[in-house]
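One structure is given here, and the rest of the page talks about it.
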Amino acid sequence: MSARLPILGQEAPNHGCGSGTCGCSSEAPPVVEERLDTDVSRRQFFGLFGSLTAGVAAVASSGCGTKSAEAAEKASLDWEEYFKGNYQVMTDEEKRATVERLERRWELEHGSRVEISDQNAVPGVLYGYAFNISKCQGYMDCVDACVKENNLDRESGMQYIRIFEMDEGTMQLGDGDGRFYHEVPAAGHFYLGTQCFQCDNPPCTKVCPVGATWKEPDGIVVVDYDWCIGCRYCQAACPYWARRFNWQEPFVPEDEVNQEQHYLGNRLRKKGVMEKCTYCIQRTRKGRNPACAEACPTGARIFGNLLDPDSEIRWVLANKKVFRLKEDLGTEPKFWYFMD
Amino acid sequence: MIRRSLLLLLPVLLFSGCHGPSHHGVRERIDHEQSPDQVEISGVEYWLDGLRYEPYGEGDFFVRTRSDQLVQFPCARCHDQPGFAASRTDGDLPESAHLQILQPHGVAEGLACAHCHDGEDPSQLVGQKGPVDFDRVYDLCGTCHFEQRRDWEAGAHGKRLATWSGPRVIENCTGCHDPHAPRFETRLPTTMYPGSEGARR
Ligand code: SF4
């Protein structure tokens, strides 16, 4: 078995130029490829070494009760987690193994259970979003629901969604106020929400030096929190300020942890890694609406499958005047704004 | 020699590739990859558990019922006098009663109670074509708000409940709008940008 690590600018399914006639190569530069091609055997070696150390620890601790047995188990889990591969190139068995380790580690550390999904993209699905700027009232119920659903750091007050209060008649996002706190809707204003737009041609994934962020086949741009080295290149590359960085260990009160998680979604992050909106991958891959759309009391948020010609979002695209932010950049966001 | 011809090729390569975003827009991709086959996600109905809904029209989608959510019903509990007058006084009224509404729905435009309620029995809704069930209140609202109704049927107005896949269940008009004061209320946002001015933690 030999798996090659994903590298600079390379994504698994390149939908950008599927025609094959445009002349751009999807091959990786050979030098980098060689450098990264050797990892598996090394990993296997460390894996073996890890189980050996864990075995030794278990033997040494036998007779000292469950406490030390648990410590040994945790050490072994930590070890195996440390030397695991990039999620993008894992087999389904490897994905299962890592989520089971993570679930067990959480249980050992917290005494409670979480369920971490490794569900793959559903074939025939490309997620899209439409936001009705004539409906949004600036209530920010979506922001609140997102924080809770996605286990966002309460200490720093991290939020994926920004709601901008805009002067009627203007479209300059730079002039919008993202820090309002007063009775809404305020006269003479409209409200426009931003979050990660899951670009079809995402600039953020291309700059990652380690392949820790990529676009999934259902169009969701994800981060492997265990592969990210925290360089923040992607944050700089995003023209929509959609990425959030953990400057500190994220804190979520134990009783507020959303236990329904996904490896690529709302599982608990750590200090020094990047994160972002994933259209609630843990919900949407089960057929549910994202938390923001579910929480919105005005119906301003429409979510669905772009590949389904009968979906609501397709009707909006076909029948309403829609626009996207910074369309000229060619990032192809899958997030449209429209008016009644 | 080979090197030089490669160099000559360079500008050709440079100017022939993926330039300009317009060639491979996501809209083109959607047209190319779309399929009329419905994606099936097993177990998706689970998320609709506990919702009550009825088929709409031919049954292409479902609308959440209203009759089971009415709290001030029957209307004649209060409106038992001729001409919709209420026998109960302010002191007896539940706090949520709609009498505190100063500018009831459409009054400025000449709308009166009897435009939607039966003059004899306010618990019975009536439209242009006769009695209307509370669960099919869209037939009544849609009489004037036909554009909204069209958008609502198609999915651009209103709200789909719980799921994006599987059976499409949407909110009734009165699920989001108070029929007596349909405009959304003015209130403080539920949360705020961290550290916003006026922030209260
Ligand atoms: S911060 Fe993480 S995901 Fe972003 S570019 Fe750096 S390594 Fe990649």
Quiz item: If each residue's Cβ is checked for other Cβ atoms within 10 Å, how do A:Trp241, A:Trp79 rank with the fewest at the top?
Solution: A:Trp241, A:Trp79
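Neighbour counts of other C-beta atoms within 10 Å: give me A:Lys67, A:Lys74, A:Lys286 arranged from fewest to most. Let's see the in-between values first.
Working: A:Lys67 9, A:Lys74 16, A:Lys286 21.
With the fewest neighbours first, A:Lys67, A:Lys74, A:Lys286 line up as A:Lys67, A:Lys74, A:Lys286.
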Practice problem: Rounded to whole Hz and in sequence order, give me ³J(HN,Hα) for region A:326-340 from the Karplus expression 6.51 cos²θ - 1.76 cosθ + 1.60, θ = phi - 60°, writing x for Gly and Pro. | Solution: 6, 4, 5, 6, x, 6, 6, x, 9, 8, 10, 9, 8, 10, 4
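Tell me whether region A:106-205 comes out rounded, prolate or oblate; compute the Cα gyration tensor, take square roots of the eigenvalues as a ≥ b ≥ c, and use a/c under 1.5 as the rounded threshold.
Cα axes put region A:106-205 in the oblate bin.
May I ask you to order A:106-112, A:82-88, A:192-198, B:177-183 by the average number of other C-beta atoms within 10 Å around their residues, highest value first? Display every interim value, and only then the final one.
Working: A:106-112: 12.6, A:82-88: 17.9, A:192-198: 23.7, B:177-183: 15.4.
Output ranking for A:106-112, A:82-88, A:192-198, B:177-183: A:192-198, A:82-88, B:177-183, A:106-112.
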Practice problem: Kindly provide log₁₀ I(q)/I(0) values, in the same order as q = 0.18 Å⁻¹, from the Debye equation applied to equal alpha-carbon scatterers of region A:121-340. | Solution: -1.48
Self-check item: Stokes-Einstein D for region A:220-324, Kirkwood Rh over Cα pairs, 10 °C, 1.306 mPa s (µm²/s)
Solution: 100
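Would you mind giving the mean number of other chain beta-carbons within 10 Å of the Cβ of each residue in A:132-139, as a whole number? Walk me through the numbers on the way to the answer.
Working: counts 3, 0, 0, 5, 0, 6, 4, 7.
That works out to 3 on average.
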Quiz item: In what order do A:Ile281, A:Ile302, B:Ile170, A:Ile133 fall by count of nearby beta-carbon atoms within 10 Å, going from fewest to most?
Solution: A:Ile133, B:Ile170, A:Ile281, A:Ile302
Practice problem: Give the long-range amide H neighbours of B:Phe61: residues separated by 5 or more places, or on another chain, with amide H under 5 Å away, using H modelled in the peptide plane at 1.01 Å from N. | Solution: B:Tyr56
Exercise. Count charges around A:Ala291 for me, please; just the other residues with Cβ under 13 Å from its Cβ, Lys/Arg as +1, Asp/Glu as -1.
Key: 0
Quiz item: So how strong a dipole does region B:27-186 carry about its Cα centre when Lys and Arg Cβ are +1 and Asp and Glu Cβ are -1, to the nearest 20 debye?
Solution: 240
Quiz item: What is the average number of partner chain Cβ atoms found within 10 Å of a Cβ in B:31-43?
Solution: 5
Quiz item: Averaged across the residues of A:322-334, what count of C-beta atoms belonging to other chains lies within 10 Å of each residue's C-beta?
Solution: 2
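Every number here is computed from the coordinates shown, using simple stated rules; none is lab data. No experiment lies behind these values; they were computed from the predicted model shown. Note: ideal-geometry Cβ built from the backbone for every residue, glycine included; neighbour counts use all protein chains shown.
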